[in-house]
Amino acid sequence: MITAARRAKFDLKITARAGRTHVSFLKKMLRRAHSLLQPPLRELSIALITDTEMSKLHKRFMNDSSPTDVLTFPLDEDARGRATSGEIVVNVSQALRESRRRGIAVPNELLLYALHGMLHLMGMDDRTDADFDRMHRLEDRILGELGVGAVFHSAPKRASKSP
């Protein structure tokens, strides 16, 4: 158990152009996830947006005009190159679609996306099949520890890459 005395300062701000009703749940759960993970991350800003806004950002930063679920931006690093400040952009429209398709509660799907971004800010990646599996297993483990239960496990498997 982490005591308040051992907890490092963590500033969390969530702005919502969509999904406003989920902000308090996300704040509560992300603070708890931060306590479990104990990353060097001390400042985190999360923006909840729609497909239209996400498509514009995805095009601008990744040269892909399709909407995506989450984008992550490290803003500041410590001397060891670890993110101490970052921004996560979460696509509420995508979460609504996926939660309906998979039978997952919308706030839990949003939490999955935000937690995914937090893990990216901690240096995790999901570009290879092995890293993808490792990252999503960790997400579900953390969500279980938060009392939400596994969220990603019901998603379809990603297609294998050709050698």
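The values are calculated or read from the model by the stated rules, or taken from the named source; none is laboratory data. As the structure is a computational prediction, the values presented were derived from the model and not from experiment. Reconstructed Cβ throughout: ideal geometry from the backbone, glycine too, with neighbour counts over all protein chains shown. All accessible areas refer to the heavy atoms of the entire protein, side chains included, with ligands and DNA or RNA removed. Shrake-Rupley method; radii C 1.70, N 1.55, O 1.52, S 1.80 Å.
Some notes on this structure:
- In the chain, helices alone account for a calculated mean residue ellipticity at 222 nm of -14000 deg cm²/dmol, with every DSSP H run of four or more residues adding -39,500 (n - 2.57).
- Once the 1.4 Å probe is applied to the protein heavy atoms, the chain comes out at 56 Å² accessible per residue.
- Classified by the C-alpha gyration tensor, region 90-135 has a prolate form. Its axis ratio a/c, with a ≥ b ≥ c, is 1.5 or above, and a/b is larger than b/c.
- In this structure, the amide hydrogen of Ala16, modeled 1.01 Å from its nitrogen in the peptide plane, lies closer than 5 angstrom to those of Leu48, counting only residues at least 5 positions away or on a different chain.
- The chain gives an Rg/Rh value of 0.95, both radii derived from C-alpha positions and Rh following Kirkwood.
- Förster radius 22 Å - calculated FRET efficiency between Arg134 and Thr52, Cβ distance, rounded to 0.05: 0.10
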